[in-house]
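Structure first, then comments.
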Amino acid sequence: MFKKQTKFTFVGLMLFAWQLSAQKLLDEVTVTANKTEQKLSQTGKVVTVLSDSILQKYQGQTVAELLSRQAGFTVVGANGTLGSNQELYVRGASNGNTLVLIDGVPLYDPSYISSGFDLNMLNVCECERIEILKGAQSTLYGSDAVAGVINIFTKKGNSTKTISANVSLNAGSFGTFRNTVSVNGLIDKFYYNIQYSNLQSKGISAAYPLKLSSSLGSKNEYEKDGFNQNNLMANFGYTVSEKLTLKFRGMLNGYKNDIDAGPFTDEKDFTSIQNLSMIGTSVDYKTGKGKLVFNYNLAENKRTFTNDSAFVAPNAFDTYSKSFYGGVSQFADVYWNHKVSDNFQFVIGSDLRKANLEQNYLSISSYGKYEDNPIGKDTSLSSIYSIYGSGLISIKSFFLEIGGRFNSHSIYGKNFTFSFNPSYVINRNIKTFVNISSGFKAPSLYQLYSPYGNKNLKPEQSISSEIGFQLFSKNSKSNIRALYFLRDMKEVIFFEASNKPPYGKYVNFDKQHDQGLEIEGNSQIGKWNIFGNYTYVTGKITQRDTSYNNLFRRPKHTINLGLGYQISTKLFTQISFRSLGDRTDRFFNEISYKTENTVLTAYKTLDFYIDYKFSSKIKTYFDLKNLTNSFYQDSFGYSVKPINFMCGVSFGF
């Protein structure tokens, strides 16, 4: 059945190409994939731009939900209760192998095992634009950009008034409420935007409910796991002169949520508190045909997990536990882009990342009190310094990007990455491209300094290839892109268990091979908008002399389709379809005391969206998700949301 749907998707998407005609200048979309503004025609990189007009239709969703519907993406946890652990997989790559940028600056949590970014920290209503750049991008963006880069631009405010305001009120299923207020304006050469949002929900049980024993109550009900988030964000800018602009940004984001003890296991007094504080500055200086940019960013992450003793889950080892994970990261970057002539431009730069880790753990059980050896922030440090350069050569319809980066890490030493990206535009409406590039991921602080750490770890290293084409219509209202990708990784970091304390450590010895296909398209036909994507991905890991498919929780086949209709200038409606194939997951069997595989069955969901604009300042929407109430699991033993909705109204003043 799924194969038939896959064939149908191929046919449906290829119909986009049938409507394409032959004189499109690929010069209407500007992207910043190469740390400089350039037309889409000039880059052969695989770039997807989610503009403000697109994001406006997803105001009731999380960033994770939005990303999970993009070609090549799987976000496990996106459909769970708010605050669920978010696992971001791009083109099959492991969690932590996709770099998240906030306003062009890397943002990650050094206390995570994978050193990734918590997607729960941001809401779509805080985003102005998102650029997705797939493939290995370590040459310009450094560590973690193995599978791609997600550059999230936060709202700056676009008012020309001295002061203006926006208010958004939203409510939905499971006692969910989100309220947002922002104030922005322009005072002479100074612009500002300050935004506060609160998101709270009674939620659903994070663990999927099984039939409980009578000792847990006659109703045999799992507790609803609630969520409460407060985000404060500010952006300021001052134009000193025509050449010099100063920018400042700040963020205080945090949430508290209830969590469960594990798959199928309820826990009634287990909570987590997650906080992110960030401050940064940027300086832009125009230099004739180029621009000199300086960035500095300081971020601190704190995570506290407390499992109280009022309720003890069945089969729990301890009666009380408390753990803390903290990390501070700093980033400094200076680069210069310059257009030498119509045929050549370049970017050169240097950046520095520094981070530290702090961790402690306490538990009480029938065996007494236990404390892990704490990890101190003054001793668990790492830094990585890099210099990089990239050039763009253009000769009529031929473009070639080529670049390299040299990295020096404080612990593992030195490594080098490169990129080679030719592209060619045919008849001004067909773009063909080839990408060959390398990527790397430095060992996380946890992998280096935890009780299981290993300071002899080398960075994970990859070679990625892409080949594909993209077609555009003459009126810029239809396009289709198809490509094949291949990624080989070596020195993959793996946790090797042992029968001696501390019963394991992180080592390098695996090889990873992933490959797949992506097709995505969009077509505007009168008042109709048709869009969709299809992703096929498969991969295997070679562990010593054994190879096996290891893309756990990642489907081979993913389909996203949508149909929108502009009923009038004020009324818009859209229906979306999503289908995921079978996935393999792993779980610990408490009966056999072994880690075993299980199959998560394929599923399909259908969503409905409608919005109405009373005026340019007042808009209301209704977003209904999983309207067929499909049952499925993205992670074995954990719940996903059944049929649910969000609705809201926004006002501008």
(message) Given the whole protein assembly as supplied and a 1.4 Å probe, what does the accessible area of THR628 come to in Å², nearest 10?
(response) 80
(request) Rounded to the nearest 500, what is the 222 nm mean residue ellipticity of the chain from helices alone, with -39500 (n - 2.57) per DSSP H run of 4+ residues and division by all residues? (result) -1500 deg cm²/dmol
(request) Using all C-alpha to C-alpha distances in segment 569-653, build P(r) with 10 Å bins and read off the rounded percent in each one. (result) 15, 31, 22, 17, 9, 4, 0
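Based on the Cβ-Cβ distance of HIS513 and SER397, what FRET efficiency does E = 1/(1 + (r/R0)^6) give at R0 = 51 Å, to the nearest 0.05?
The computed FRET efficiency comes out at 0.90.
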(request) Give, as a single signed number, the net charge of other residues whose beta carbon lies under 15 Å from the beta carbon of TYR638, with Lys and Arg counted +1 and Asp and Glu -1. (result) -4
(request) Using the structure shown, select from LYS156/LYS641; LYS155/LYS441; LYS39/LYS441; LYS189/LYS286 the pairs with a Cα to Cα distance greater than 22 angstrom. (result) LYS156/LYS641; LYS155/LYS441; LYS39/LYS441
(message) Need one number: the % of Cα-Cα pairs in the chain sitting beyond the 47 Å mark.
(response) 13
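For ASN228 and LEU627, FRET efficiency with R0 = 30 Å and r from the beta-carbon atoms, rounded to 0.05?
Values: r = 27 Å, r/R0 = 0.91.
After rounding to 0.05, the efficiency reads 0.65.
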(message) For segment 100-199, take the convex hull of the Cα atoms, compute a quarter of its surface area, and give me that in nm², please.
(response) 8.7
(message) With Kirkwood's inverse mean 1/r over C-alpha pairs for Rh, give me the Rg to Rh ratio of segment 429-495, two decimals please.
(response) 1.29
(message) Among PHE420, GLN470, PRO451, whose Cα projects farthest towards the positive end of the dipole of segment 349-503, with charges put on the beta-carbon of Lys, Arg (+1) and Asp, Glu (-1)?
(response) GLN470
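Within the chain, what's the longest stretch lacking GluC sites (Glu not before Pro) that sit in DSSP loops with no more than 14 other Cβ atoms inside 10 Å? Spell out each step's value before the answer.
Values: sites that count: GLU28, GLU37, GLU221, GLU242, GLU590.
Within the chain, the longest run free of exposed GluC sites (Glu not before Pro) spans 243-589.
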(request) Largest first and to the nearest Å, give the Cα extent of segment 112-264 along each principal axis. (result) 73, 41, 20
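Please state the shape class of segment 29-145: rounded when a/c is under 1.5, otherwise prolate if a/b exceeds b/c and oblate if not, all from the C-alpha gyration tensor. It would help to have the intermediate numbers written out before the result.
Numbers: a/c = 1.76, a/b = 1.21, b/c = 1.45.
Taking the square roots of the gyration eigenvalues as a ≥ b ≥ c, segment 29-145 is oblate.
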(message) Taking the Cα centre as origin and putting +1 on Lys and Arg beta-carbons and -1 on Asp and Glu beta-carbons, what dipole magnitude results for the chain, to the nearest 20 debye?
(response) 1800
(request) Could I have the simple spin-label model distance between ILE618 and THR160, label points 7 Å from Cα toward Cβ, reported in nm to one decimal? (result) 2.5
(request) Could you please report the charge total around GLY96, scoring K, R as +1 and D, E as -1 over all other residues with beta-carbon less than 11 angstrom from its beta-carbon? (result) -3
(request) Within segment 561-605, report the trypsin sites (Lys or Arg not before Pro) that DSSP leaves as loop and that have at most 15 other Cβ atoms within 10 Å. (result) LYS570
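Give LYS134/LYS511; LYS458/LYS500; LYS35/LYS625 a once-over and call out the pairs whose C-alpha atoms are over 29 Å from each other. Numbers along the way, then the final one.
Details: LYS134/LYS511 21 Å; LYS458/LYS500 24 Å; LYS35/LYS625 36 Å.
Listed pairs above 29 Å: LYS35/LYS625.
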(message) So, for the chain, what is the accessible surface per residue at a probe of 1.4 Å, expressed in square angstrom?
(response) 45
(message) Please list, in order, the residues from segment 239-282 whose amide nitrogen is less than 14 Å from a point placed 7 Å along the Cα→Cβ vector of PHE588.
(response) 261-265
(request) Can you tell me the relative contact order of segment 64-211? Whole percent, Cα pairs under 8 Å, sequence separation 6 or more. (result) 17
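Between TYR320 and PHE177, what length comes free when the chain is fully extended (0.36 nm per residue of separation minus the Cα-Cα distance, one decimal in nm)?
Working: separation 143, 0.36 × 143 = 51.48 nm, distance 3.16 nm.
Result: 48.3 nm gained on full extension.
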(request) Give me the compactness ratio for segment 410-466, meaning the Cα radius of gyration over 2.2 N^0.38 Å. (result) 1.76
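The values are calculated or read from the model by the stated rules, or taken from the named source; none is laboratory data. The model shown is predicted, which means the values in this text are computed figures rather than measured ones. Every residue, glycine as well, gets a Cβ built from its backbone with ideal geometry; the counts of neighbours run over all protein chains shown. Just so you know, the surface numbers come from the protein's heavy atoms only, side chains and all, with ligands and any DNA or RNA stripped out. Shrake-Rupley method; radii C 1.70, N 1.55, O 1.52, S 1.80 Å.
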